[in-house]
Every structure is written in structure tokens, then in C-alpha cells.
Amino acid sequence: MRGPSSHNDPMSSPPEGARSPPGAPPRDDDAASSERDAADRAKAPVLAPDNVKRPDAPPTSRFGRLARLAALAPRALPMAAETVRRAMGGVRDEDEERESRQRILGSARKTAEAMLKTLGDMKGLPLKLGQMASYIEGIAPPGYEEKFQSVLKRLQQKAPPLSREAAVRVINSELGGSPESVFAQWEADPFAAASIGQVHRATTRGGDRVAVKVQYPGIDKAIENDLKSLSLLETVLGPVGRRYHTKETLDEIRAVFMAELDYRHEADTADVFRAIHEDDPEIVIPRVHHSLTTRRVLTCELLGGVDYQTFCERAPQADRDAAGKTIWRFMFRPLYQYGLLYADPHPGNYRFLGGGRVAFLDFGCTKQIPESLVVGLKRYVVAQQVGDQEEFERACVEVLGYDKSDPESWKLYTDYARLMSRPLVEDIDYRHTKAAAREAIAFLVRGGKKIVFKSGEQLPSMPTPVNMPSDFTFVNRLQWGLSSIMGGLESEGNWRRITDPWLHGPVHALPS
């Protein structure tokens with residue numbers, strides 16, 4: 001395996017032959033290039049003033065990180081409670097609703113700003129959670145999404161960067177010299193910053209313009225401590241946690257996120273994705289400079305295009321439909337044909353190059369799914385396509401781990417499987433919407449309420465556990481994230497016809 005880049009960022013200029021996307025500056029002369037660079041810098045992370053020292057590393061102490069998260073609780077918990085109440089369909093009278101709206105509207109932006117500051121400074125897993133909250137529909141209380149998410153969107157590519165000196169020390173350690181000696185040109189301030197690294201523009205000695213992702217010093221220790229805190233929570237849950245397989249889920253999260261810390265693995269993975277999609281000109285994957293890539297430094301081709309939000313706002317419907325189909329092919333061909341899951345669909349990982357051309361930038365969070373599970377994933381979708389209810393139910397038991405002994409839970413989970421499979425099952429032109437993406441979460445919350453809080457019973461009852469394979473953990477993340485990405489694009493197409501060749505075909509070994 002060999003491969004890509006992982007920077008959620010604005011970049012310099014589109015590849016040869018790409019037409020300018022909506023909202024993109026012209027690119028046929030030096031003046032246009034200068035304007036483009038200025039625009040890119042305007043989108044860069046907001047740096048501290050020269051007289052304010054930026055930190056050299058994120059906080060790494062386990063208890064220090066827990067204390068920072070605990071400080072958010074007074075703001076975050078009321079928002080979370082309102083999200084659950086509205087998803088469950090709670091009813092208030094007019095005066096109560098008016099008072100609630102005023103209270104939540106007043107706190108939504110302040111809560112998001114507090115999360116932006118705390119999660120942005122912490123980096124690592126808390127920042128990943130903040131990024132998910134910034135784009136996955138259904139997490140913020142209905143009616144307050146824009147206020148809440150408009151602030152957190154800055155976490156997608158503009159998290160607070162570390163000091164210039166921090167990046168220099170990592171380059172020295174990993175590449176054996178200062179940035180100025182390794183590269184012909186080096187921009188000291190990053191133009192993008194994300195959960196485990198920040199990205200600098202540079203020019204190689206051979207004259208290639210590149211994006212250099214530099215890992216935050218100590219971020220491996222920070223993430224390890226975050227994972228230990230999650231493990232402590234699993235221990236506290238005790239028998240309940242064991243019943244719901246929380247240990248297996250946390251082990252899966254730990255394995256994927258710790259692998260993400262090795263940029264060499266990410267580089268190799270991107271090469272595999274490029275090989276899979278080499279016959280698809282709409283899918284653009286930046287080439288890695290392997291000689292300038294190590295465990296903590298990733299150097300790759302610098303691409304152009306516009307960011308997700310700008311594209312959603314300015315692109316014509318035809319381009320949004322075409323780009324949605326490109327993203328769909330990028331996600332499902334590797335999964336159904338090779339068992340390779342791209343598990344990080346958040347908006348900062350795409351650059352739109354015009355029409356249906358899309359560049360994919362981050363290959364750190366991926367997962368190789370066992371062939372048996374890939375066959376199973378296909379099985380319950382195909383059963384729905386052909387109307388075989390008995391086979392669908394067998395697949396729900398044998399593949400997804402649903403339990404027929406609890407009729408209420410069985411109905412909730414199987415109905416949910418049908419809901420999430422709909423674009424793959426129905427042979428129609430289907431339009432993705434934000435409302436449909438929100439429903440993916442609200443559906444489970446409402447159904448869970450009916451099971452947990454039964455009429456006439458004083459104590460809540462827990463739903464029957466799902467014995468889903470731990471490998472499915474990040475498939476769920478993809479489902480919710482991709483629904484939100486496609487909903488933001490409002491992309492329309494016959495998704496079943498796009499997917500069917502891989503859904504009904506064999507599972508292949510990864511290309512070498």
C-alpha cells in the first residue's frame with residue numbers, strides 16, 4: 001500500500017485541466033494566482049498576535065484534559081438535554097416553549113464558542129468530536145443547528161495552530177534538518193490545522209508545490225490518555241457495559257485512532273485508494289512525496305479547488321449532483337469491492353475542483369473490513385432489493401446481531417436498517433436532504449424512548465443489546481457522516497444504479 005494527504009484545508013491551484021469551480025478565482029495569470037493565495041491566507045487558521053505566544057504542544061495530562069472537558073459541562077449539558085427532548089417529541093405549552101427558545105438561542109452560540117476554544121486547544125479525540133458535532137445533522141437541538149454549527153465549522157480546518165517553533169522541531173527530528181534546509185521554500189505559519197496535525201505550504205528542492213502536515217508534539221500521549229479515560233468509563237459501567245459490548249467498541253476505536261498517528265500508514269493507504277480509483281477521472285487523490293514522509297510528517301501534492309461550504313452555497317445544482325455522485329463512488333466502491341472503509345467523511349476532507357471533480361485529502365482514519373463482513377453488508381441490502389423478507393431478517397440476525405426475542409427492539413433496529421439502506425435499495429432518483437440526515441439520529445432516539453420509558457412502568461428498561469461486530473463501529477460513523485455530507489449538497493441521483501455493480505460483484509484483494 002502507498003499513498004496521500006490528510007489535511008483539511010484550502011489549497012493553492014486546481015490540477016491541470018480542471019475548470020474553475022463556482023466562487024473560485026480565475027487562474028490564468030500571475031495576478032489571479034496572487035489573489036488566490038491571498039484568499040487562501042484569509043481562510044487560514046486565526047493566528048495569535050505576534051505578542052501572544054502560541055503553545056508548543058497541546059495539553060497531554062490525562063487529568064488536565066478531563067478537567068478541561070468537565071469545565072464545558074455546565075454549557076454543553078443543557079444543549080444535549082434539549083436535543084434529546086426535541087428528538088423524542090417532547091411537548092411544552094406556548095409560554096414554556098418561548099422561554100426555552102430564548103434560553104437555548106442565547107446559549108447556543110456561547111456553548112459553541114466555549115467548545116471551539118476548549119476542543120481546539122486540546123486537539124486529539126475531543127477535537128474530533130467537535131468536528132463531528134460541526135457537521136453531523138441531528139446532534140444540535142432542532143431549530144438551533146445553524147447557530148451552533150456555524151461556530152464549530154471552524155474546527156473542520158481552522159483549529160488553533162501551535163507555535164512556529166513546534167513545527168520546526170518536528171521537521172528537524174523527522175527529516176534531519178530545518179524546514180529551510182529540507183525545502184526550497186517553507187511557510188512558517190500553517191494554512192490549516194486539524195485534530196492531530198497542522199499543514200504548511202512548501203516547495204520541494206525539485207520545484208513541486210506541496211502541503212506538509214506536521215504532527216503536534218505529544219499528540220500521541222494526549223490521545224492515549226483520552227482513550228484511557230474512555231476505558232475508565234467502560235470499567236465504571238461494569239456489567240451494563242459488558243452487556244452492551246463497550247469494551248470491544250473501545251478497543252476498535254483505540255486501534256483505528258492509534259493507527260492514524262502513523263503518517264506512513266496514511267501515505268500507503270492513499271496510494272491504495274488512488275489505485276482503486278485510477279480509472280475514475282473525477283476522483284482526485286494528491287500524490288505523496290514518500291522521501292519527505294515519516295511517522296510524524298506527511299508531504300504531498302498541493303491541490304486547489306474550493307471548500308465544502310463554499311461549494312454548497314455557490315455551486316449550481318448540476319455540479320452538486322455530479323460531486324455527490326463522485327463522493328458516493330469514492331465511498332462505496334472501495335467498501336463493497338475491496339472491503340476498504342473510508343471512515344472520516346467530514347467536510348474538511350474534500351476540495352471541489354469544478355463539475356463532478358472532487359479531491360479527497362485525508363486517509364488517516366480508514367479500516368480494512370473482513371471479507372465475511374463485507375459479504376454480510378451486501379447481503380441485507382440485496383435482500384431488500386429483491387424483496388426477500390426472510391433473507392433480510394436472517395441477515396439482520398447473522399450479520400448485524402439483532403435479537404428477534406425482543407419484538408420492540410427488533411422492530412426498531414430492522415426499521416432503522418431499512419431507513420439507512422433506502423438510497424441503496426430503491427431504483428429511483430433520490431435527493432439527499434439535511435432533514436433526512438437528521439432523521440437518521442432522531443429515529444433511534446424516538447424509538448429508544450418508547451422502549452426505555454414504557455407507559456405505566458416506574459423504572460426504565462434497557463433495550464436488548466445488539467451483538468454487532470466491532471468492525472461495524474466505523475461503518476456507523478460513515479453512515480451518519482455521509483448522510484450529512486450528501487444532505488448539505490442536496491445531491492440527487494439514482495444511488496442504487498451507481499452502487500449495484502460493486503454490491504452484486506465479488507470482493508477482491510486490495511491492489512498492490
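The 1.4 Å probe gives accessible areas that order His432, His504, largest first, as His504, His432. Is the shape of region 460-512 rounded, prolate or oblate, going by the alpha carbon gyration tensor and its root eigenvalues a ≥ b ≥ c, with a/c under 1.5 for rounded and a/b larger than b/c for prolate? Oblate, since a/c reaches 1.5 and b/c is not below a/b. What FRET efficiency comes out for the pair Ala184/His508, r = Cβ-Cβ distance, R0 = 56 Å, nearest 0.05? Working from the Cβ atoms, E equals 0.85. Fully extending the segment from Asn476 to Ser291 would add 63.1 nm, taking 0.36 nm per residue of separation and subtracting the current Cα-Cα distance. Solvent-accessible area of region 370-438 (1.4 angstrom probe, protein heavy atoms only): carbon and sulfur portion equals 51 percent.
Accessible area ranking (1.4 Å probe, heavy atoms, ligands and nucleic acids excluded), largest first, for Glu278, Glu165: Glu278, Glu165.
Extension gain for Asp427-Glu313 works out to 38.2 nm (0.36 nm per residue, less the C-alpha to C-alpha distance). The listed peptides 335-341, 57-63, 281-287, 383-389, ordered by packing as a protection proxy, come out as 335-341, 281-287, 57-63, 383-389 (highest mean of other Cβ atoms within 10 Å first).
Using a probe of 1.4 Å, the accessible surface attributed to Thr249 totals some 50 Å² when neighbouring protein chains are kept in position.
Charge tally for Arg65 (other residues, Cβ to Cβ under 13 Å; Lys, Arg +1; Asp, Glu -1): +2. Each of Trp480, Trp495 has its accessible area taken with a 1.4 Å probe; listed largest first, they run Trp480, Trp495.
The values are calculated or read from the model by the stated rules, or taken from the named source; none is laboratory data. Here the structure is a predicted model, which is why all the values come from computation and not from measurement. No Cβ is skipped: glycine too gets one built from the backbone with ideal geometry, and neighbour counts run over all protein chains shown. Please note that ligands, DNA and RNA were not included when accessible areas were found on the heavy atoms of the full protein model with its side chains. Shrake-Rupley method; radii C 1.70, N 1.55, O 1.52, S 1.80 Å.
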